[in-house]
Every structure is written in structure tokens, then in C-alpha cells.
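Participant: Let me give you the structure first, and then I'll get to my questions.
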Amino acid sequence: NAGVTQTPKFRILKIGQSMTLQCTQDMNHNYMYWYRQDPGMGLKLIYYSVGAGITDKGEVPNGYNVSRSTTEDFPLRLELAAPSQTSVYFCASSYSANTEAFFGQGTRLTVV
Amino acid sequence: QKEVEQDPGPLSVPEGAIVSLNCTYSNSAFQYFMWYRQYSRKGPELLMYTYSSGNKEDGRFTAQVDKSSKYISLFIRDSQPSDSATYLCATREDAGNNRKLIWGLGTSLAVNP
């Protein structure tokens with residue numbers, strides 16, 4: 001039972017570097033989400049997708065990009081890493097807007 | 001005012017205690033209410049999901065929704081050390097075009113043996 005798989009689990013980036021956080025799900029879910037979680041700040045939605053080829057901004061999209069070329073994959077791209085992007089990133093998926101969201105294990109990113 | 005308010009705690013209780021976790025919300029259009037549990041260094045997982053006002057019970061857990069007061073609660077009976085985690089409430093409007101969950105900040109709970 002793979003569910004939602006995120007890679008890598010940990011990463012240290014230097015300021016200005018770029019990277020892609022990978023997320024894949026094997027539940028044939030239509031909806032996928034990217035959140036960041038900072039201490040004392042709760043979960044903030046970065047981007048979400050309601051199906052392949054469709055993406056939309058969440059609360060905090062600046063500095064990030066996403067694509068959804070397949071149902072399974074929803075990568076998150078950081079183009080010019082900044083210290084403010086140090087956070088734990090969670091990918092999630094759900095079958096529909098009204099059903100349970102399943103979360104990955106998270107990617108802990110530090111930008112120095 | 002935040003759309004969902006949740007006291008971050010931390011809350012520390014002895015094993016066997018009854019725990020009450022609460023959230024308030026401001027938007028009367030919110031119709032779906034969820035409680036997620038998040039263990040340290042893990043992703044959140046769904047614990048309870050309710051649509052209507054009233055109580056919903058699942059084992060030692062009871063979710064309560066009072067739409068007139070815009071107040072949601074999670075009760076844990078006979079709490080166990082394995083219940084130590086952060087509990088997040090979440091809510092959203094009815095389906096329509098709004099597909100986003102609104103999250104509380106989470107309450108950190110420690111159950112001491």
C-alpha cells in the first residue's frame with residue numbers, strides 16, 4: 001500500500017538553487033495538493049490540482065510552480081530557493097473534494 | 001480574524017484522562033468538519049469526518065459539531081500515551097467550486113503514562 005509517496009525526505013539547498021519535490025500517488029485520485037507546514041503556522045496550501053492538466057494557486061504560491069501531466073504525479077518546483085522556503089512540505093491527494101485527503105510523509109527542506 | 005481558530009496548546013494530561021480539543025470557525029457556509037491526527041515527523045491522517053451538527057462516535061473518539069455556535073470538538077476517552085500527537089481541525093464549504101480545506105493551527109497533546 002504505497003499511497004502518497006514524496007521524495008526526497010530531507011534536502012539542504014543553498015540560496016538561489018532550484019529543486020523539484022516529487023509526489024506520486026497510486027490511488028487514482030483526481031485531487032492533489034501541496035502544503036507547507038511551519039512551526040506555529042499550521043498547514044498552508046501552496047498549489048492544488050483537480051485533475052491532470054489543471055492546477056490552481058493556493059494561499060502561498062509565490063516562489064513555487066507545479067505541473068500535473070499525469071493523474072499520478074504532482075511535482076513542486078522551487079526555482080530560486082530562499083531562506084523563507086525552509087519548511088516541511090506535504091503532498092496530499094483525495095478522490096474528490098468531499099473525501100478524505102491522504103498525506104505523504106513530508107519533505108523537510110532547509111535553505112541556507 | 002482567522003477563519004478557524006484552534007488553541008495550539010500544548011496540552012498535557014495523565015493516561016486515562018478525558019481530553020477535549022476544540023476549534024471555532026467564523027464562516028457559517030462551512031459544512032464539512034474533520035479532525036486529523038499528526039504524529040511527530042509524519043503526515044496528518046484523518047481521524048473523524050462529520051457533515052452535520054451533533055455527535056459522531058468512533059471507539060474512544062467523539063466528534064461534536066455545534067453549527068449554531070460555530071464550535072467543533074474532539075473528545076478522547078481513556079486517553080493513551082499513543083494518543084500523543086498534534087490534532088488538527090479542518091473545515092470547508094459545501095462542494096460547489098470551493099475545493100479547499102481551511103485548517104486550524106493544531107493542538108499538541110501529550111498523554112503521560
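Participant: What does the charge count near B:Pro8 come to, summing +1 for each Lys or Arg and -1 for each Asp or Glu among other residues with Cβ under 14 Å from its Cβ?
Facilitator: Result for the neighbourhood of B:Pro8: -2.
Participant: Continuing with the same structure: Could you state how much accessible area is buried at the B-A interface, both sides summed, with a 1.4 Å probe, in Å² to the nearest 100?
Facilitator: 1700 Å²
Participant: Further question on the same structure: Please sort by residue number the trypsin sites (Lys or Arg not before Pro) in segment A:1-63 whose DSSP state is loop and whose Cβ has at most 15 other Cβ atoms within 10 Å.
Facilitator: Filter output for segment A:1-63: A:Lys9, A:Lys14.
Participant: Using the Kirkwood formula over every pair of different C-alpha atoms, what hydrodynamic radius in Å results for segment A:12-112?
Facilitator: Over segment A:12-112, the inverse of the mean reciprocal pair distance is 13.6 Å.
Participant: Ratio of alpha-carbon Rg to the 2.2 N^0.38 Å globular estimate for the protein assembly as shown, to two decimals, please. Can you show the working numbers first?
Facilitator: On the way: Rg = 17.6 Å, N = 225, 2.2 N^0.38 = 17.2 Å.
So the protein assembly as shown has a normalised radius of gyration of 1.02.
Participant: Could you check what % of the DSSP bridge pairs in the protein assembly as shown are antiparallel, to the nearest 5?
Facilitator: Of all bridge pairs located within the protein assembly as shown, approximately 90 percent are antiparallel.
Participant: Quick one: which of A:Lys14/A:Lys44; B:Lys2/B:Lys100; B:Lys2/B:Lys70; B:Lys42/B:Lys100; A:Lys9/B:Lys2 span more than 25 angstrom between C-alpha atoms?
Facilitator: Check vs 25 Å cut-off fails for A:Lys9/B:Lys2.
Participant: Restricting the calculation to Cα positions, tell me the Rg (one decimal) and the Dmax (whole number) of segment B:32-71 in Å.
Facilitator: 11.5, 36
Participant: What is the ratio of the Cα radius of gyration of segment B:37-113 to 2.2 N^0.38 Å, where N is its residue count, to two decimals?
Facilitator: Taking the Cα Rg and dividing by 2.2 N^0.38 Å, one obtains 1.18.
Participant: For a quick check, take a GNM of chain A with Cα springs below 10 Å and name the residue from A:Tyr64, A:Tyr48, A:Tyr33 with the largest mean-square fluctuation.
Facilitator: In this elastic network of chain A, the residue with the biggest mean-square fluctuation among A:Tyr64, A:Tyr48, A:Tyr33 is A:Tyr64.
Participant: Using Cα positions and a limit of under 16 Å, work out the aspartates and glutamates in reach of B:Lys67, with same-chain residues fewer than 8 apart set aside.
Facilitator: Within reach: B:Glu3, B:Glu5, B:Glu93, B:Asp94.
The values are calculated or read from the model by the stated rules, or taken from the named source; none is laboratory data. What you are looking at is a predicted structure, and each value in this text was computed from that prediction instead of being measured. Here Cβ is always computed from backbone atoms with ideal geometry, including for glycine, and neighbour counts include all displayed protein chains. Surface accessibility is based on the protein's heavy atoms, side chains included, excluding ligands, DNA and RNA. Shrake-Rupley method; radii C 1.70, N 1.55, O 1.52, S 1.80 Å.
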